[in-house]
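Remarks on the structure that follows.
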Protein chains: 4
Amino acid sequence: MVINLDIALELIAEVRKKAKEIGVPMVIAVVDSGGNLIAQQRMDNALLVSVDISLNKAYTAVAVKMPTHELASASQPGQPLFGIHNADGGRVVIFGGGFPLKQQNEIIGGIGVSGGSVEDDILCATAGVERLGAFLEG
Amino acid sequence: MVINLDIALELIAEVRKKAKEIGVPMVIAVVDSGGNLIAQQRMDNALLVSVDISLNKAYTAVAVKMPTHELASASQPGQPLFGIHNADGGRVVIFGGGFPLKQQNEIIGGIGVSGGSVEDDILCATAGVERLGAFLEG
Amino acid sequence: MVINLDIALELIAEVRKKAKEIGVPMVIAVVDSGGNLIAQQRMDNALLVSVDISLNKAYTAVAVKMPTHELASASQPGQPLFGIHNADGGRVVIFGGGFPLKQQNEIIGGIGVSGGSVEDDILCATAGVERLGAFLEG
Amino acid sequence: MVINLDIALELIAEVRKKAKEIGVPMVIAVVDSGGNLIAQQRMDNALLVSVDISLNKAYTAVAVKMPTHELASASQPGQPLFGIHNADGGRVVIFGGGFPLKQQNEIIGGIGVSGGSVEDDILCATAGVERLGAFLEG
C-alpha cells in the first residue's frame, strides 16, 4: 500500500477534527516513504513556526523510522545522539508529534503535527495514525 | 478578505480538477499575503521537484506582486533582471505557474502550480485564480 | 491596524533611547504579521552577531505568538521543546528580547532587540512594545 | 570616516524622498565596509522580494567594490564572470541598484535599493550616494 493524496487528505482531516475538538489550531503534514511531502495544511490561526516543524516531524519519523518523541531522550545532552537535531540540514525534530505510517512493519509514510503543546501534537497526530489503521483493515 | 484554509483547499481542488482534465499530475501550493504556506498538495505521480517549485512560485507571485511568467522575459540573459532567480535564498521562480491572489488591487495571497509544461502549469493555476473570483463576488 | 514603516521607526527610536540610557548599543528589528522585515537598525558599536539575532527574535515572536523568553524554559535540555532552537532554518531564538506586537489579541508584528544581556535586551524591547501601546490608544 | 547609524538613516531618508517623488515604494539598505547591515527600511507596499535583494545589492557593492550594474555585462552567459550571481551563498546581485559608498578611493560602505525597475532603483540609490557627498564635503 502506498499513501496517496486521497489517503493523506483523510488523515489530515481526522487530525483537524481532533484539533478543533481540543481547540488548538495545528499545521499537519503527510509525507511518503521517501520523506517527500504529499500534503500539508495550516489551520486558521496556527503558529507560523509550525509549518516548518510539522513537515520536519513527518520527515524525521520516516527518516529515523520511529515516532519523534522516542528521539527525545537519546538526544539530550550527555546521551548518545546529542546533536542529532542539527542533522540533515536541521530537519531532524527531537520532540513529539511525528509518527511513521506503517503497514505491518513497513514504513509507508509519515505524519507530523505542530501547533500546541507536545502532548496536544501527539494526541492529534495519533488521531491521524489511527485513521490509517481503518484504511489498512478495510 | 483573508485566504483561509477552506478557501485555499477550494482553490487547490479546482486546480486538481483541471489537472485531471488535461491528464497531468500537479503539485499545488497556496500561500498567504506574507508568503507563508496555507496548504499544499502533491497529486499522485506528480514530479518530486514540483513540491519546491510550486511553493516557490506561490511565494514569488506574492513577493514580486505579479505572475511568475511576467518575470521570465525580464530575467533572461541580457535583460535587466538577469540573476534574480537566485535571489531570496533561491526562492524566486522566473517561469510561469505562479499567480498573486488579489482582491481589487490588494495582494491577499498566491498560488503556485508545477508538474507539467509551463503552459499546463499556467492553465491549471488560472483555474485556481478564477475560482477565487467566485468567492470574491459571492 | 498594520505596522507601517513610520510606526516601526518610532518603536525603534524608543528602543534606541532606552539603549542609550543604559549605555548598551543594540540592534533592533521590527517585522510584520507575516514575519517579514519592516525596519532594522544597528546602533554604533553594537555586536555584529546581533544583526541576525535581533531579526530572528522579532520573527520568532511572531511565529510562536509569544515573547522569546517564554520559550526559554520549555526548550532547555530535558524539557518538552528541547531542539526547537534549530527549527525553521535556525531562525527560532529561545532567549529573551523578542516580543509579539499585538492589537488586542491579534498579532500585528514583532520586535526583536539584541546587543546586551538578555535582561538588557528585554528591557529595551519592552520600551518598544510600550510605545506601540501609545499608538493603539491613539 | 565611518558610516554610522545617523548617516545611514540620512542616506535612507534621501532615497525614500526620491522614491516618493517617482511613486515607487522601495526597500533600502546600508551596510558598512565589512558588508554588514547598519540599517534597512521597507517602505509601505514595497515588494517582499526587495528585502533580500536590497541588502544583497548593498553587500555586493562592497564585496566587489563597484556598482552592481557594472557586474551585469561581465556576468552574462559567455562572459568571464558568468555564474557569479551564485557566489557567496547567493548574495551576489548582478543588476543595478547597489553602490559602494566611498571616501576618495576608499570603500566605507554600500547602499542597495530594490522595488522598481532597475532604472528606478539606480535613480533612487544615486540620491543616497549623492547625499553622502554632502556629508563628506561638509
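The values are calculated or read from the model by the stated rules, or taken from the named source; none is laboratory data. Since the structure is predicted, the reported quantities are computational estimates derived from the model, not experimental observations. As a convention, Cβ positions derive from the backbone with ideal geometry for all residues, glycine included, and neighbour counts pool all protein chains shown.
If a residue has to be of a type outside the set (S, T, N, Q) and within 14 Å of chain C (Cβ to nearest Cβ) to count, how many in region B:16-38 make the cut?
Within region B:16-38, residues that are of a type outside the set (S, T, N, Q) and within 14 Å of chain C (Cβ to nearest Cβ) number 6.
Just one of D:Gly97, D:Gly112, D:Gly78, D:Gly116 is touching an Asp or Glu at 6+ places or on another chain (Cβ under 6 Å) and farther than 15 Å from D:Met1 by Cβ; which is it?
D:Gly97
When you check B:Leu71 against the structure, is it surrounded by 18 or more Cβ atoms within 10 Å (Cβ to Cβ), farther than 21 Å from D:Ala72 by Cβ and either touching a strand residue (DSSP E or B) at 6+ places or on another chain (Cβ under 7 Å) or of a type in the set (A, V, I, L, M, F, W, C) (or both), yes or no?
No; evaluated as a whole, the condition is false for this residue.
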I'm trying to understand the selection: among the residues of region C:19-32, which are surrounded by 21 or more Cβ atoms within 10 Å (Cβ to Cβ) and either touching a helix residue (DSSP H, G or I) at 6+ places or on another chain (Cβ under 7 Å) or small (Gly, Ala, Ser) (or both)? C:Ala19, C:Met26, C:Val27, C:Ile28, C:Ala29, C:Val30, C:Val31
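So, in region B:65-86, exactly how many residues are of a type in the set (Gly, Ala, Ser), more than 7 Å from chain D (Cβ to nearest Cβ) and not in a helix (DSSP H, G or I)?
1
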Between D:Val31, D:Val49, which is under 21 Å from B:Val64 (Cα atoms) and of a type outside the set (D, E, K, R)? D:Val49
Conditions: (1) on the phi > 0 side of the Ramachandran plot; (2) away from every other protein chain (no Cβ under 11 Å). D:Asn45 meets all but one. Number of the miss? (2)
Would you say C:Gly112 is away from chain A (no Cβ under 14 Å) and buried (at least 24 other Cβ atoms within 10 Å of the Cβ)? yes
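Identify the residue in region A:1-12 that is in contact (Cβ under 8 Å) with a residue 12 or more places away in the chain and in a helix (DSSP H, G or I) and, among all such residues, is surrounded by the most Cβ atoms within 10 Å (Cβ to Cβ).
Checked region A:1-12; the qualifying residue surrounded by the most Cβ atoms within 10 Å (Cβ to Cβ) is A:Ala8.
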Looking at C:Val51, C:Val62, C:Val92 in this structure, which one is buried (at least 24 other Cβ atoms within 10 Å of the Cβ), at pLDDT 95 or above, facing another protein chain (nearest Cβ under 8 Å) and assigned to a helix (DSSP H, G or I)? C:Val62
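Per-residue answers, yes or no, for (1) touching a His at 6+ places or on another chain (Cβ under 7 Å); (2) on the phi > 0 side of the Ramachandran plot; (3) crowded, with 22+ Cβ neighbours inside 10 Å; (4) within 14 Å of chain B (Cβ to nearest Cβ):
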position	(1), (2), (3), (4)
D:Asp88	no, yes, no, yes
D:Leu101	no, no, yes, no
D:Ser117	no, no, no, yes
D:Thr126	no, no, no, no
D:Gly133	no, no, no, no
D:Leu136	no, no, no, no
For region A:28-50, how many residues are touching a residue at least 24 places away in the same chain (Cβ under 8 Å) and either in contact with a Phe, Trp or Tyr (Cβ under 7 Å, 6 or more places away or on another chain) or farther than 11 Å from B:Gln40 by Cβ (or both)? 11
Given the condition within 19 Å of D:Ala8 (Cα to Cα), within 11 Å of the chain's Cα centre (by Cα) and in contact (Cβ under 8 Å) with a residue 40 or more places away in the chain, answer yes or no: does some residue in region D:83-94 qualify? no
Any pair with Cβ under 8 angstrom, 6 or more apart, that starts in region C:117-138 at a residue that is at pLDDT 95 or above and ends at one that is of a type in the set (Lys, Arg) and surrounded by 19 or more Cβ atoms within 10 Å (Cβ to Cβ): C:Asp121/C:Lys57; C:Leu123/C:Lys18; C:Cys124/C:Lys18; C:Ala125/C:Lys57; C:Ala127/C:Lys18
